[in-house]
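Before any comments, here is the structure.
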Amino acid sequence: MIVVTGATGNVGRALVGMLVAAGEDVTAVARGIGGGDVPAGVRAVAADLGEPESLVPALEGAKALFLLVAGEDPVGILERAAAAGVARVVLLSSQGVGTRPGVYAHAARFEAAVADSGLAFTVLRSSGMASNALAWAGPVREHRTAAAPFAEVGLPFVDPDDVAAVAAAVLREDGHDGATYVLTGPTATTPRQRAAAIAEAIGEPVRFVEQTREEASAQLARFMPPAVVEGTLAILGEPTEEERRVGGDVERVLGRPAAAFGAWAARHAGAFR
C-alpha cells in the first residue's frame, strides 16, 4: 500500500489516480479529506503533517510514502513511517534547495531528514509549476486580464501531472534510491507567453499587465512569509543559470518528453473561461 500526502493538491490528486490506474492500493491523506475526494477503492484518512501522530492510522500497512514539505517535524513523520513498516519515501521538494538553500531552508531540513532516516528515499525537486497560473483564473474569467512581474523572464515551468507521473514511477520501480531529480518543463516560457497560451486555450484574447516588483510583493505577501516572497521574486526576476536550465530528469524517468505549458493550459481551459 502507498500513502500519498497532500492527496487533494495539484500533484497529489493526479498521483492518486495514476497509482490506482496502475493497480496499487492507495491511502490518500490530507486535512479534511473525505471519501468523496478520492476515487472508488481509495482509503481517505484526514491527517495533518504538522501533527505527525495524526498520520499513524494512515501509515498502517504502508510500504511507501509520498511526502510533502509541510509541518515542522520531518523527523517525527519519518520515525512514525519507519515504525509502521514503510520502506521507501519519495519527497516532493523544491529546486530552490539546490539553487537558493538559504531561502529554502525549510525544504532543505526535510531533505536532510529523509536522507538520515535509514529508509530508501528519492527527492523530487520541482521547478515552478504550471498550475501557478491558476492564480490568474479569476481575473481571466472576470475581465480577461493576467498580471505578473518580469514579463520577459523565461523559466521552464513543469506540469504537475509530470511531477505526479515521476513520483508514481519512483514509488513503484527500483533503481531510484538515493537519487535527487530536478523536474522542469521542456522549454522556458515567460509570463507574457503563458498568458498567450491561456488565451489560445480559451479561444479569446487575454490582456497581459506587467506588475511592478512592489505590486507583486504585496500580492504574494498575502499567503507567503516575507523570506519566501523575496526568494520567489528573486527566482522570477533574476533566475540563476540553473533555474533557467531545462532539465532532462522527467524524460529520463518517464521515457518521454515533459509536457509543454500550452498542453497544461489546454487541459485546464475550463478554469479560465
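Brief remarks follow.
- In the set (1) modelled with pLDDT of 95 or more; (2) over 23 Å from ALA70 (Cβ atoms); (3) part of a helix (DSSP H, G or I); (4) open to solvent by 30 Å² or more (accessible area, probe 1.4 Å), the condition left unmet by ALA201 is number (4).
- Total residues in region 249-273, condition open to solvent by 30 Å² or more (accessible area, probe 1.4 Å) and part of a loop (DSSP other than H, G, I, E, B): 6
- Answer from GLU230, GLU243 - the residue that is among the charged types (D, E, K, R), assigned to a helix (DSSP H, G or I) and open to solvent by less than 70 Å² (accessible area, probe 1.4 Å): GLU243
- Scan region 63-85 for residues that are within 21 Å of VAL11 (Cα to Cα), among the small types (Gly, Ala, Ser) and surrounded by fewer than 21 Cβ atoms within 10 Å (Cβ to Cβ) and the total you get is 2.
The values are calculated or read from the model by the stated rules, or taken from the named source; none is laboratory data. Quick caveat: nothing in here was measured; it's all calculated off a predicted structure. For neighbour counting, all protein chains shown are included, and Cβ atoms are generated from backbone atoms with ideal geometry for every residue, glycine included. The protein model used for the area step is the full one, side chains on, heavy atoms only, and it has no ligands, DNA or RNA in it. Shrake-Rupley method; radii C 1.70, N 1.55, O 1.52, S 1.80 Å.
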